[in-house]
Every structure is written in C-alpha cells, then in structure tokens.
Amino acid sequence: MPRLRSHPQHDQHSGHDRHSEHDRSEQDEVARVRAFNRFYTRSIGVLRDSLVGSPFSLVEARLLYELAHRPAEPVSGAAGSGAAAGVEGAELRRLLDLDAGYFSRVVARLDTAGLVSRQAHPGDARRQLLRLTEAGRRAYDDLDERQAKAVRELLEPLSADRRATLTEAMGTIERTLSAPARPRAVVLRPPEPGDLGWIVARHGALYVRQYGGDPRFEAMVARIVADYAERPDPAREAVWIAEVDGRPAGSIACMTATQNDTQNDTAKLRLLLVEPSARGLGVGERLVAECLRFAERVGYRRITLWTTSELAAARRIYQRAGFTLDAEAPFDGFGRGVIGQNWSRRLGAADPG
C-alpha cells in the first residue's frame, strides 16, 4: 500500500496541539494535587495554631513523637568522658527536613517548657543530644490519645467499606510518592474475571483524558474486547495483563486479522496500554515481545497494528520491535482529527524481545 503523507502544516499544527494538550494535562494534575492538599490539611486541622486542642503546633508534636519513638541510646564520648543518653539533634532535624534556625527555636521552646532536655554530646560539644523528660513523656501520651480520638471521630461516620476505600487510597498515595526500596516486580499473565472490563475502562480513562476525543474511542475498545470474548480461540488469539507489584498495569492482545478464515496468516497487535505509574519499567516492550512470540508460535507469518501519530512512546516500542510504517492518513473517528498509522512486520525472523 502506498504511503500517504500528511500536509506539513497539518503536522506542525498537530505538534502544537499535542504540546498544548500535554501542558493542560500537567496543569490539571498540579491543580488536583493542590486541591487535595488544601482539602486534607483542612480535614485534619493541621493549619490551626494548635494540634487537636493541645498546646502544641504540628512541628512540636512531630518532634515529641520522634523522641518518644526513638530510644535514647547511650552515646560514648572521648576517653574518660563517660556516656550520655539521647538522640542527636542534627539527625532529628534532617528527618523532619527543618531549617536549622527554626529547629533550634522549637527545641528551645520545648526545653523551656520542661518537656525536652538538652545536653552536649560527650565526644563533641558542638553536637546536641535530646531526650524527653518525664513531663515530656506525659505530654506526648496525652497528645497521642487526642490524635487517636480525632481520627476515630473522622472515621466514625463512614461505613466499613468506605473506611477500607479510604485506607487503601492512603496506602496508594504513600507507595506512589515513596521511592521504591526494591526493583518493582513485573509479571505477565492471562486475563482473569474483571480484567477485560478493566482494559476498556483504563483505555477510556487514560487516552480520552490525555489526548481528548469523545466516547467513540472507548466504544471501539469495547468492541475489540467483545470480539475477543465472544469467539474465544486460544489457538489463534490471546490477551495478556501486565501486573506491577501485584496490580494490573498494562495490557495487549494478539488477534487474527480476518475472522472465520483459518488460512489467514496475518495477526493484529491490539489493546497495548501501560499505566503512567508503570512507565519506564519496560512493561510495554515486554508486552509487545510476548505478543510477537505468541503470533510466531501459532503460525502467523505477518503482524499488523493501527495507531495514531501522537502516541510517540508506543511508536518507539513498535520501531524497536521491528515494525515499519506502511501508511498514514488523517482520521476523524474519535471526534477530533488525528493521523492514523498502519504498521507491520514479518514474523519468522529473530525474536526482537
């Protein structure tokens, strides 16, 4: 098929539109995070002068918490200087990410109130050791009970299901914002009950939100999934779900190009998706490689795919897997203009994965 080239002005305009859409998407994400921060800080009352009706600010409460949960280990000093017990102030300041001057003022206030004791490190007088006094321990115990009571009151109106949803969402936020302490586990598996619906929902949520368009895109994905589910043919077709750390994070399908034709030697790569949280882990490359291995194993001689020019990350994966662009042309099936592209490669060569 001859390659259809789009007009240079159209390409330039499309690039500008994609850049603008990316900027709008990023601005929307920033606004949503800031709105959540305002809502959450208001909900738990961290902007008040005192925390949960106590005489302490949020920073003072956090410092008391750390001192209460970090044992005051004996610290050996220089020869003949004996030992002292406490937690190094510099360590606490780094943990709390506080300015040195502000940290010193907070510690001084707690010291003046008789809640924290300070003494010089026996090996270096410039370093300071901190520990809770008996009065500080009592103050912390009272604060801890106040905070627990406030959380119980926050949860009380919620049903068990809504509490579970809330705590799960909090865990998701914590995992997402925390640097991974270990390599993330990526597993490819066949779809389980509910996964086909997940494929449709995530395509609609991610692609329509990121690139615009209307519900016709999600309807197209739903038809592809329905075709696969209604005429199962494990000898010729397959779907894979990529899991990252036990959660669905991607999908792909290998389907026959022509229904009811057992002699058809052309497959279609369809439904490639990688969640934003899983990008950069090689998930897309692994899905495409698995699809190609299956297609070759069951006897296809050629594999094709259709995509749009704006999906640059997917295009790079296809190119690395040996696909070449056959043709491209304007397409207006999703409520806005895109450049549709047909890609293909022959099978039977060295496995690109």
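The values are calculated or read from the model by the stated rules, or taken from the named source; none is laboratory data. This structure is a prediction, so every number in the text was calculated from the model and none was measured. Positions of Cβ are backbone-derived with ideal geometry, glycine not excepted, and every protein chain shown enters the neighbour counts. SASA here: full protein model, heavy atoms, side chains in, ligands and nucleic acids out. Shrake-Rupley method; radii C 1.70, N 1.55, O 1.52, S 1.80 Å.
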### Task
Could you check the range 241-349 for strands (runs of 3 or more DSSP E) lying wholly inside it with 1 or more residues that are open to solvent by 30 Å² or more (accessible area, probe 1.4 Å) and either farther than 25 Å from Trp198 by Cα or among the small types (Gly, Ala, Ser) (or both)?
302-308, 324-331, 338-346
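Name the one entry in Glu145, Glu237 that is over 23 Å from the mean Cα position of the chain (by Cα) and open to solvent by less than 40 Å² (accessible area, probe 1.4 Å).
Glu237
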### Summary
Glu218 fails exactly one of (1) assigned to a strand (DSSP E or B); (2) open to solvent by 40 Å² or more (accessible area, probe 1.4 Å); (3) not β-branched (Val, Ile, Thr), namely (1)
### Message
What are the pairs with Cβ atoms under 6 angstrom where one residue, in the range 159-186, is surrounded by 10 or more Cβ atoms within 10 Å (Cβ to Cβ) and among the charged types (D, E, K, R) and the other, located anywhere, is modelled with pLDDT of 80 or more and in a helix (DSSP H, G or I)? Sequence gap at least six, or different chains.
### Response
Arg163/Leu155
### Query
Out of curiosity, is Glu230 open to solvent by 60 Å² or more (accessible area, probe 1.4 Å) and modelled with pLDDT of 90 or more?
yes
#### Entry: Subset of the range 89-130 (residues that are open to solvent by 70 Å² or more (accessible area, probe 1.4 Å) and at pLDDT below 90)
Glu91, Arg93, Arg94, Leu95, Asp97, Asp99, Arg118, Gln119, Ala125, Arg126, Arg127, Gln128
